[in-house]
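Notes follow once the structure below has been shown.
Since every read-out is calculated from the coordinates, none of them should be taken as a lab result. Here the structure is a predicted model, which is why all the values come from computation and not from measurement. Neighbour counts are summed over all protein chains in view; Cβ atoms, including those assigned to glycine, are modelled from backbone coordinates with ideal geometry.
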């Protein structure tokens, strides 16, 4: 199994991590094991917490579906706390400041102090950095240098894991996701890549190092004058330009000649010409929550591109920039591996919509007609005749069956909510209209709210085709309503009286969900 390590420096890559799990669910990444390593000072931010929660939800879903086409990628998440790194370097988090950190490397003389005064204000020199670098990469770079100087990186989980895999003779793709703006991501990401390349310079035949470098693409309200921890996004472009110039002119990032050892085997630039609003508040630290954007999905797709190309014996520089003139839109064909990307996500979206519209209401404890439903009778067998007919439910099996199905429905709900968020946010600087045309937003909203209409009504009205009906893009015609898919399940011999075959509730749930997934194929007729 191919080993893929993804290190995410800062808060912005956490949203790319969420999109990575969306792609894992749809089956985008094949024949690999992905291990994610989030590195951020602010572990209480909504994006950091949400990515952790969604990873857990994905793994719960994968346990049920393991062995199938969807959710085939093994994923784990390892958190190296920044506070622990600082403590290993001899710094208490509450003591971290530029002056304090620099003094740990050497005693500051008059010339050092004079240089500090030129580069940074007194407030910046002594400012406590426990909660983050607040968009100031120059502050984080000082701490980054100290961590390298003190040998702290050698002791963290992701470096130990690289060492372990290389010692076992395994090949590793190590992907760094970071930004050219902000604080933690801009100051630590590329520097860590340099450390890794130098540390394992004699083992690069088995270690491929890649970087996904995100340029500005989002905005939020201007900071309030009385909150020094808020970020001024207007400076993103200028900071990013400076960072990009430094990376291009001073660092050996990509191999340019036979005599030069590269830091990265491939380097991806992703960004937009204008900024999209991703939050209604300018919130620092644990109050920050930014919505998903198409650039976050491109970060996740860059991972797939790396996996498809990393066996090539050359070094690559890739760029993506979306330019909008008022009439264009972004859809499947604009994405890397667009056809496969579309087919897999459309299929999983159909699957999710059926679960939420037709299965979740049925399996909820409050649904009184459960034992008389045709599908439940099909699974358990029938007792009684005519108006007295009902499912021969085995309670201990049924409890686990319901819990498993509802757990999977919970994951599918988040999947649809995140896609809706992505579609709503990507506007290319416009006030109202989004520029994405992947799914029909109204159809997604209906599915997410459909429980209010009642189970039977929803089942009859639910139309998977509506999910991909957008004006500018051809639809996959399937001509099946939710009721058609439901009726097809009643013809599945593998499900008939499956509860009498010695299977557990979770095993029955798996068989049921796999049948539904099979019925949601894109461009293929139903197989009985």
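With a simple spin-label model that places each label point 7 Å from the Cα along the Cα-to-Cβ direction, the separation between residue 149 and residue 487 comes to 7.5 nm. Each peptide in 49-55, 299-305 receives the mean, over its residues, of other Cβ atoms within 10 Å, and ordering these scores from highest gives 299-305, 49-55.
Put the Cα centre of the stretch 407-444 next to the Cα centre of the stretch 189-215 and the gap is 34 Å.
Put in order of Cβ neighbour count within 10 Å, fewest first, the listed residues 372, 413 become 372, 413. With the highest mean first, a sort of the peptides 168-174, 514-520, 428-434 on other beta-carbon atoms found within 10 angstrom per residue produces 514-520, 168-174, 428-434. Neighbour counting of Cβ atoms within 10 Å sorts the residues 333, 79, fewest neighbours leading, into 333, 79.
FRET efficiency for the pair residue 372 and residue 431, taken as 1/(1 + (r/R0)^6) with r the Cβ-Cβ distance and R0 = 60 Å, rounds to 0.75. Fewest-first ordering of 373, 56 by other beta carbons within 10 Å of each residue's beta carbon gives 56, 373. What fraction, in whole percent, of alpha-carbon pairs in the stretch 338-519 exceed 26 Å separation? So the portion of pairs separated by more than 26 Å is 34 percent.
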